[in-house]
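S.K.: I have a structure here, written as structure tokens, and I will follow up with some questions on it.
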Amino acid sequence: MENINKKGGVFQKFLDFVEKSGNRLPHPVTLFFLLAVLTLVASAILSAIGISVAHPGDKNEIIEVNNLLSKDGITYIFENMVDNFINFAPLGVVLTTMLGIGIAERSGLISAALRGFILAIPKSLITAGLVFAGIMSSLASDAGYVVLPPLGAVIFLALGRHPIAGLAAAFAGVSAGFSANLLLSGTDAMLAELSMDAAKMIDPAYVETMNVAMNYYFIAASVFVLTLVGWFVSDKIVEPRLGTYDSKYLNTDDSEDMHALNDLEKKGLLYAFISIIVSVLLVSLLVAFPFSPMRGDEGSYMDQIIQSPFMTSLVPIIAVLFFIPGLVYGLVTKTIKGEKDVAHQLTDTMNTMGTIIVLAFTAGQFVAYFAESNIGMVIGVYGAELLESLNLKGIPLIIGFILVTAFINLFIGSASAKWAMMAPIFVPILMQLGYSPELTTMAYRIADSSTNIITPLMTYFAVIIAFANKYVKDIGVGTLISIMLPYSIFFLITWSIFLIVWMLLGLPLGPNAPIVYP
């Protein structure tokens, strides 16, 4: 990226090297196509060699690398090409969410709300606010990837700051801080259940004392630590390196005018705000009461909310919560005069999604081939066996586990898939060494989150590149990785140190969740 400030010390030179090396890679669309081809070839070679591993949860089950260039493999490629595309996780999330956001944006609501927000709060707190909002967005599952990074870019651009710095700050919060939150989310329940299943192999009675809030105290405290770290990295490392943004690189006709709100805009915002309150109250009826239609059936009050159809439907709910106030604002300010205007604005929004759709096709093939070949599973099991063979104990063991998990995360993006593979190995091992399943789970979550933002295998990586391309044409994979690498390093180191301090103090990780296994 031409307008990055190249001055700096050893660390900045290292980032320059990462950027230049990464940018020698092809365009992301081509890159994912080549990675898909490489996966096909690798699957054939590794299968011919006879590479296999025992399933970590069942030693009698052998996992072999599937040859995707065999007769069955080639049939799989052609039969599933369309499904791999339409089932690529970010595609439906992005397009559905953008339908709601598109109305809010094109009616003028987002522009007016941002100007009001920017003019009302201290400019020095905006970066911290973005990182904090990103961390908290894990409540909405993957929707945070779609909403906050482009929003961060728009806010920074409106302030005369580099839009990529705003995008990076939000992306760091959303992805690298995914396992921290002030509230419990579906991720807590999902990982906790896997940990409980693994712990049963050693002590079924102990599992009866475990709960889905096993990491709550630590993840809640982590929100503030990561917000401060993300704020520091953004303002002291990332944005200075990006330098002053030159609007000639702006790959769009959109720009934010920082003029004060007029009376009509204020009226529109007031009615939009009222519509949000009413919409939220109506949506809450779907889950808040025992008779609510989208409430879970089992467990405590919180369990019935966390593990419910409502939580798995947050993407369309968020789209509706953007659509309604956007529509109300447009009707009040006359930017929407009828249903034809709504249809045109929705169509215009989809017209901007071309890059994401093309990326989704090639990235979807690659992700599907990698999973079908079992290469990621084999890498994960070998990495786990390596850590076990090192015979580490105490804090070095926890650090080693975090580092191995962080490395595996570069190849297997799904938190649940990795933990389903690793929990049956590491939870029993660390229990026998005196460490609780709750601690093992938290160490896993730190590593899993911290390196999400530096691997192209993370399903939303291609989407973030597409968002960045709006402000810097043809931004490369290397540039994005070099921008996000400081966040990854600082989050991983700081969060790990925070866990070690927590361990040394002997503080519980959550309700009835000790550090040690008795």
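S.K.: Treating the angle as unsigned and between 0 and 90°, give the value, to the nearest 10°, between the Cα long axis of helix 375-389 and the longest Cα principal axis of the chain.
M.R.: Roughly 50 degrees, rounded to the nearest 10.
S.K.: Then there is this: How many Å² of accessible area per residue for the chain, probe 1.4 Å?
M.R.: It amounts to 43 Å² per residue over the chain.
S.K.: In the calculated pair distance distribution of region 317-369, what percentage of Cα-Cα distances lie above 18 Å?
M.R.: Cα-Cα pairs in region 317-369 separated by more than 18 Å: 51 percent.
S.K.: Using 0.36 nm per residue, how much length does the chain from Tyr217 to Ile86 gain when fully extended, once their Cα-Cα distance is taken away?
M.R.: Taking Tyr217 through Ile86 to full extension adds about 43.3 nm, to one decimal.
S.K.: Can you tell me which of 292-298, 475-481 comes out highest on packing, and rank the rest after it, using the mean Cβ neighbours within 10 Å?
M.R.: Ranking the peptides 292-298, 475-481 by packing returns 475-481, 292-298.
S.K.: What order do Trp419, Trp231 take when sorted by accessible area (1.4 Å probe), most exposed first?
M.R.: Descending order: Trp231, Trp419.
S.K.: Here's something else I'd like to know. First select every other residue whose beta carbon is under 10 angstrom from the beta carbon of Asn66; then total the charges, Lys and Arg +1, Asp and Glu -1.
M.R.: My count for the surroundings of Asn66 gives -3.
S.K.: Here's another thing I want to ask about it. Using modelled amide H (1.01 Å from N, peptide plane; none on Pro or chain starts), what sits under 5 Å from the amide H of His162, excluding residues fewer than 5 places away?
M.R.: It is Tyr245, by chain and number.
S.K.: What is the angle, in °, between the Cα long axis of helix 143-158 and the longest principal axis of the Cα atoms in the chain? Nearest 10 is fine, range 0 to 90.
M.R.: Tilt of helix 143-158: around 50 degrees.
S.K.: From the phi angles alone, apply the Karplus equation (6.51, -1.76, 1.60; θ = phi - 60°) to region 480-497 and give each ³J(HN,Hα) in whole Hz, x where the residue is Gly or Pro.
M.R.: After applying 6.51 cos²θ - 1.76 cosθ + 1.60, I find 5, 5, 5, 5, 8, 4, x, 4, 4, 5, 5, 5, 4, 5, 5, 5, 5, 4 Hz.
S.K.: Scattering from the C-alpha atoms of the chain alone, worked out with Debye: what is log10 I(q)/I(0) at q = 0.06, 0.11 1/Å?
M.R.: The calculated log intensity ratios at q = 0.06, 0.11 Å⁻¹ are -0.29, -1.03.
S.K.: Mind checking the log10 I(q)/I(0) for region 277-364 at q = 0.26 Å⁻¹? Debye, one equal scatterer per Cα, no solvent, two decimals.
M.R.: Values, matching the q order: -1.18.
S.K.: Roughly how many percent of the accessible protein surface of the chain is carbon and sulfur, given a 1.4 Å probe and a whole-percent answer?
M.R.: Taking all protein chains in place, the chain shows 66 percent carbon and sulfur surface.
S.K.: Please list, ordered by chain and number, the residues whose modelled amide H lies under 5 Å from the amide H of Ala54; skip anything fewer than 5 residues away on the same chain.
M.R.: Counting only residues 5 or more places away or on other chains, the set is Ile63.
S.K.: What is the gain in length, in nm to one decimal, between Lys267 and Ala288 on full extension, counting 0.36 nm per residue of separation less the C-alpha to C-alpha distance?
M.R.: Extra length available between Lys267 and Ala288 comes to 4.5 nm.
S.K.: Related question: Past 27 Å, Cα to Cα, is the threshold; run Lys236/Lys470; Lys266/Lys470; Lys334/Lys473; Lys266/Lys340 against it and keep the listed order.
M.R.: The pairs that break the limit, which is 27 Å between Cα atoms, are Lys266/Lys470; Lys334/Lys473.
S.K.: With a point put 7 Å past each Cα toward its Cβ, work out how far Val516 is from Val278 in nm, to one decimal.
M.R.: Output for this residue pair reads 5.9 nm.
S.K.: Would you please put 35-48, 272-285, 172-185 in order of how densely packed they are, using the mean number of other Cβ atoms within 10 angstrom per residue and starting with the highest?
M.R.: Ranked by mean Cβ neighbours within 10 Å, highest first: 172-185, 35-48, 272-285.
S.K.: Now for a separate question. Calculate how steeply helix 89-106 sits against the longest principal axis of the alpha-carbon atoms of the chain, using the helix alpha-carbon long axis, and give the answer as 0 to 90 degrees to the nearest 10.
M.R.: 20 degrees
S.K.: Moving on to the next point. Along the Cα→Cβ direction, 7 angstrom out, place labels at Met350 and Glu79. What is the inter-label distance in nm?
M.R.: My value for the distance between the label points is 3.1 nm.
S.K.: Order the peptides 190-198, 321-329 from the highest to the lowest mean number of other Cβ atoms within 10 Å of their residues.
M.R.: Result, highest mean Cβ count within 10 Å first: 321-329, 190-198.
The values are calculated or read from the model by the stated rules, or taken from the named source; none is laboratory data. Quick caveat, the model's predicted, so the values are computed rather than measured. Heads up, the Cβs are rebuilt from the backbone with ideal geometry, glycines too, and the neighbour counts pull from every protein chain shown. Protein only, heavy atoms only, side chains kept; ligands, DNA and RNA dropped before computing areas. Shrake-Rupley method; radii C 1.70, N 1.55, O 1.52, S 1.80 Å.
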